[in-house]
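The values are calculated or read from the model by the stated rules, or taken from the named source; none is laboratory data. What you see is a predicted model, and the numbers here were worked out from it, not measured in a lab. We place every Cβ from the backbone using ideal geometry, glycine too, and count neighbours over all the protein chains shown.
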Amino acid sequence: MLPNDFDRLVKQTFGPVLEPRGFTSSKSKRSTFWRQSEDIYHFIIADRRLRGESFDIMVFASSPKIDPDFFSRFPDGVGAPSDTYCRLNAKSGVGPNASRFPCSTASAFLAGANAAVLTALSNVAVPYLDAISSMEELVATIRHPTLRQRGEALLGGGNT
């Protein structure tokens, strides 16, 4: 499947699950869903693997208060402050070990989405992000050293 076809199919398939929960893919040229609550932004991004046979899903929160390049890269290029601990695993949650879902064809994508992805988005990804609603909760997820330092400084507990 070509990258543009993949992005279009992700938006069509994930949208009905994520949009009622406040997410949008507006402003995205790829397959990035995001929502904002004050200074905290939540992201769910379908990340097509290089050969295009599978994809995984990045789930993370970020904020322009900790990332000075946030708006220049928004929404598709915002980095995950949680580093590699942002991958959705359909069985174990959000962390470093991603589930891989098929996407070599549209039918393979839809079969994988219906079998596991949509349930994992509803039952794992969205609740994970719902629990990150303050700067304190966001900082607790940050693994990137510079961004963590900025976050701790905002909270009054670190040096810049």
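Per the listing Leu88, Leu121, the residue uniquely at pLDDT 95 or above, in contact with a strand residue (DSSP E or B) (Cβ under 9 Å, 6 or more places away or on another chain) and either among the charged types (D, E, K, R) or in a strand (DSSP E or B) (or both) is Leu88. Take the conditions (1) within 16 Å of Arg49 (Cα to Cα); (2) within 16 Å of the chain's Cα centre (by Cα); (3) aliphatic (A, V, I, L, M); Val126 misses just one of them, which is (1).
Selection over the range 141-158 of residues that are in a helix (DSSP H, G or I) and among the basic types (Lys, Arg) gives a count of 2. If the condition is being touching a Leu at 6+ places or on another chain (Cβ under 9 Å) and of a type in the set (Ser, Thr, Tyr), then the range 123-141 contributes only Tyr128. Residue pairs whose Cβ atoms lie under 6 Å apart, sitting 6 or more positions apart in sequence or on different chains, and linking a residue in the range 1-25 that is within 17 Å of Thr119 (Cβ to Cβ) and in contact (Cβ under 8 Å) with a residue 40 or more places away in the chain to a partner that is assigned to a helix (DSSP H, G or I) and of a type in the set (S, T, N, Q), are Val17/Ser122.
Here the condition is being in a helix (DSSP H, G or I), in contact with a His (Cβ under 8 Å, 6 or more places away or on another chain) and at negative phi; of Leu138, Leu129, it holds for Leu129 alone.
Taking Phe109, is it more than 12 Å from the chain's Cα centre (by Cα), in a helix (DSSP H, G or I) and buried (at least 22 other Cβ atoms within 10 Å of the Cβ)? For Phe109, the condition - more than 12 Å from the chain's Cα centre (by Cα), in a helix (DSSP H, G or I) and buried (at least 22 other Cβ atoms within 10 Å of the Cβ) - is met. Ile45: surrounded by 14 or more Cβ atoms within 10 Å (Cβ to Cβ), at pLDDT 95 or above and either touching a strand residue (DSSP E or B) at 6+ places or on another chain (Cβ under 8 Å) or hydrophobic (A, V, I, L, M, F, W, C) (or both), yes or no? Answer is yes for this residue.
Here Phe71 meets the list (1) closer than 18 Å to Arg30 by Cα; (2) not in a helix (DSSP H, G or I) almost entirely, failing just condition (2).
Just one of the listed residues (Ser28, Ser63, Ser82) is touching a Ser or Thr at 6+ places or on another chain (Cβ under 8 Å) and small (Gly, Ala, Ser), and it is Ser82. Among residues of the range 54-65 that are surrounded by fewer than 23 Cβ atoms within 10 Å (Cβ to Cβ), those with a beta-carbon under 6 Å from a residue that is of a type in the set (Lys, Arg) at least six positions away or on a different chain give the pairs Ser54/Arg100; Asp56/Arg87; Asp56/Arg100.
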